[in-house]
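Visitor: Okay, handing you the structure first.
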């Protein structure tokens, strides 16, 4: 079970990288560059607020899982 948790840590880190790509290049920059005010506000929120929260959350969870912090310890 501990090995599965560590492998899933890699999956969470891959999700963080995919989320960074999609948040920046699919959601954030096209809205940021459209020129409309409502799109500009949405682009700023996506790029500077939501993307760091999502990526850091997934990446941190994956890192701790990969390092074995969630392993079951037999006493």
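Where a number appears in this text, it was derived from the coordinates with a stated rule and is not lab data. Since the model is a prediction, treat every value here as computed from it, not as a measurement.
Visitor: Rounded to two decimal places and with Rh computed the Kirkwood way over Cα pairs, what is Rg over Rh for the chain?
Guide: Values: Rg = 16.6 Å, Rh = 13.6 Å.
We get a ratio of 1.22 for the chain.
Visitor: Helix 51-67 sits at what angle to the longest principal axis of the chain, using alpha carbons and giving 0 to 90 degrees rounded to 10?
Guide: That helix lies at roughly 10 degrees to the long axis.
Visitor: Once every DSSP H run of n ≥ 4 in the chain is given -39500 (n - 2.57) and the sum is divided by its residues, what mean residue ellipticity at 222 nm do you get, rounded to the nearest 500 deg cm²/dmol?
Guide: Here the helix-only value at 222 nm equals -21000 deg cm²/dmol.
Visitor: Here's something else I'd like to know. Using only the alpha-carbon atoms, how far is helix 2-21 inclined from the longest principal axis of the chain? Give it as 0 to 90 degrees, nearest 10.
Guide: So the helix axis and the longest Cα principal axis differ by about 10 degrees.
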